[in-house]
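**Student:** Below: one structure in structure tokens.
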Amino acid sequence: MAFNMNDIIYKKRQGNELTSEEIEYFVKGYTDSSIPDYQASALLMAIFFRGLSRKEIFTLTNAMRYSGDTVDLSPISGIKVDKHSSGGVGDKTTLIVAPIAASCGIPIAKMSGRGLGFTGGTVDKMESIPGFRTSLEAEEFLNQVNRIGMAVIGQTAHITPADKKLYALRDVTSTVDNFGLIASSIMSKKLAAGSDAIVLDVKCGQGAFMENLDDATILANLMVDIGTDAKRKTVAVITDMNQPLGNAVGNSLEVIEAIETLKGNGPDDITELAKRLAGVMIFVGGKASSKEEGYAMAADALSSGRALEKLKEFIEAQGGNPEVVNDYSLFPQASLMETVVSEKDGFVKDIKARNIGIASQKTGAGRETKEDPLDLSAGIYLSKKIGSAVKKGEVLCTLYGNDKAKLENGKAEAASAFEISDEPVEPPVLIKKIIGE
Ligand code: URA
């Protein structure tokens, strides 16, 4: 049957369910460029407002999953475990949990993404390590996992090319934060990437695509259902993203914070989250009999320094300079800095992660259009977190970068993220819910 893209857009615009054939036609046509960006954008916006049914979401996931190559990880022995975050601000957990889990015997053969909107991406972060290669040939990738237990690369053009194109288009058309689009995007990649088990970190809060627990629960259930349906052990951990995770936001700043966390000097929130997520990965990977035992193994991998050693091995294996672990001056350096100070005494009530994410993007750490180059040294360091006491004139955060106008812009945005109250404030609960298994 011949399809017409205009009819498909109209059908969704009117709130009707698309057939599997229509969705497959759209995904195939957008991937091979026979459907132009403007029609794809219009359909995305119609989907954004009208939503997708479960059937549409499952079809979209599979259409994107099979839009290119799928990875066969069978040459790697053991239960391969993948982990994915739904996107947040300051989320450098992959760089911490992957070495922890790998050092506990869980093979990690992972593909990561770039920054999207005001959220960062692991691939951009890893590229701040001098020499680091985020693209490896398939054989090299598999051999590396067999040799050192882990490899993390960027999503190649051959894997879920449909998601790759749509992801970039959604980023610049304000159509990211939609249940069906996020669930299908994440799960198509995870299923195509071939791991046996999947741990999802679903971010929830003002700095995440899902702002409240009810929405995060819907997204988490949807992804667990898609994973289970595809016979993958899938667990979702819903975690707080009302304030940025940790203190550092921006590419090299976050890698440095990940290293510090592996050295045992990381902020409490990121350290705790890393142990919890890695604990679940160790459990679903069959190396622990419960999530609690997995947690204890993760804690031991951290305190013994084994996880830090694994990170060094990983950096070296992918062509990066492992000395960055001891010498942070090897990272790209910012020549300028600006600070935001408190206008009064009190307690930090709010650090809106979304504003910090946008501010970081403005310093040069994120992209505003899909072609924008990144300043890998740029970003923000938070000196205070929610609940911290603060004095008038004390530094709340420092912005780094190389362009004065960009830093000024970022500074105004970052200042608007902070709310100071006269009363003491309780820090938010980090782990909100675990779904699946
Ligand atoms: N992360 C993804 O991989 N896709 C989305 O749509 C959002 C976050």
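**Student:** Restricting to region 211-235, name every residue that is in a strand (DSSP E or B) and open to solvent by less than 10 Å² (accessible area, probe 1.4 Å).
**Tutor:** Residues satisfying the conditions are 234, 235.
**Student:** For region 78-196, give me every one of the strands (runs of 3 or more DSSP E) that falls completely inside it and has 2 or more residues that are away from the ligand (no atom under 15 Å from the Cβ).
**Tutor:** 108-112, 150-154
**Student:** Return the pairs, sorted by first residue and then second, in which the second residue is among the small types (Gly, Ala, Ser), the first residue lies in region 360-384 and is more than 17 Å from residue 399 (Cβ to Cβ), the beta carbons are less than 6 Å apart, and the residues are 6+ apart or on different chains.
**Tutor:** Taking only residues 6 or more apart or on different chains, the pairs are 370/168.
**Student:** Could you tell me whether residue 386 is open to solvent by less than 50 Å² (accessible area, probe 1.4 Å), over 12 Å from residue 413 (Cβ atoms) and among the β-branched types (Val, Ile, Thr)?
**Tutor:** yes
**Student:** If you don't mind, another one. Across region 62-77, what is the total count of residues that are touching a helix residue (DSSP H, G or I) at 6+ places or on another chain (Cβ under 6 Å) and either part of a loop (DSSP other than H, G, I, E, B) or modelled with pLDDT under 90 (or both)?
**Tutor:** Looking only at that region, the number is 5.
**Student:** Taking region 267-290, which residues are surrounded by fewer than 19 Cβ atoms within 10 Å (Cβ to Cβ) and over 22 Å from the mean Cα position of the chain (by Cα)?
**Tutor:** If the condition is that a residue be surrounded by fewer than 19 Cβ atoms within 10 Å (Cβ to Cβ) and over 22 Å from the mean Cα position of the chain (by Cα), then 286, 287, 289, 290 are the ones that fit.
**Student:** For residues that are crowded, with 20+ Cβ neighbours inside 10 Å, over 18 Å from residue 170 (Cα atoms) and away from the ligand (no atom under 12 Å from the Cβ), scanning just region 197-210, find the one that is modelled with the lowest pLDDT.
**Tutor:** Among residues in region 197-210 that are crowded, with 20+ Cβ neighbours inside 10 Å, over 18 Å from residue 170 (Cα atoms) and away from the ligand (no atom under 12 Å from the Cβ), the one modelled with the lowest pLDDT is 205.
**Student:** Which of the following residues is farther than 30 Å from residue 423 by Cβ, surrounded by fewer than 20 Cβ atoms within 10 Å (Cβ to Cβ) and charged (D, E, K, R): 408, 394, 343?
**Tutor:** Being farther than 30 Å from residue 423 by Cβ, surrounded by fewer than 20 Cβ atoms within 10 Å (Cβ to Cβ) and charged (D, E, K, R) holds for just one of 408, 394, 343, which is 408.
**Student:** If you don't mind, another one. Quick one: would you say residue 264 is in a loop (DSSP other than H, G, I, E, B), modelled with pLDDT of 95 or more and open to solvent by 10 Å² or more (accessible area, probe 1.4 Å)?
**Tutor:** Yes: the conditions hold for residue 264.
**Student:** Hey, can you tell me all the residues within region 24-67 that are open to solvent by less than 70 Å² (accessible area, probe 1.4 Å), under 21 Å from residue 191 (Cα atoms) and of a type outside the set (A, V, I, L, M)?
**Tutor:** Residues satisfying the conditions are 26, 30, 31, 53, 56, 58, 59, 61, 62, 65, 67.
**Student:** Which ones in region 402-437 are under 21 Å from residue 343 (Cα atoms), among the acidic types (Asp, Glu) and either at pLDDT below 95 or not in a loop (DSSP other than H, G, I, E, B) (or both)?
**Tutor:** Scanning region 402-437 gives 408, 413, 419.
**Student:** On the given criteria, is residue 159 touching a residue at least 40 places away in the same chain (Cβ under 8 Å), out of contact with any Ser or Thr (no Cβ under 8 Å at 6 or more places or on another chain) and either under 30 Å from residue 414 (Cα atoms) or among the β-branched types (Val, Ile, Thr) (or both)?
**Tutor:** Considered against the rule, which asks whether it is touching a residue at least 40 places away in the same chain (Cβ under 8 Å), out of contact with any Ser or Thr (no Cβ under 8 Å at 6 or more places or on another chain) and either under 30 Å from residue 414 (Cα atoms) or among the β-branched types (Val, Ile, Thr) (or both), residue 159 comes out as no.
**Student:** Same structure again: Filter region 70-115 down to residues that are of a type in the set (A, V, I, L, M, F, W, C), surrounded by fewer than 24 Cβ atoms within 10 Å (Cβ to Cβ) and in contact with a strand residue (DSSP E or B) (Cβ under 8 Å, 6 or more places away or on another chain), then give me how many there are.
**Tutor:** 4
The values are calculated or read from the model by the stated rules, or taken from the named source; none is laboratory data. None of the values given here were measured: they were computed from a predicted structure. FYI the Cβ positions are ideal-geometry reconstructions off the backbone, even for glycines, and counts take in every protein chain you see. Each accessible area value is taken on the protein alone, full model and side chains, heavy atoms only, with ligands, DNA and RNA left out. Shrake-Rupley method; radii C 1.70, N 1.55, O 1.52, S 1.80 Å.
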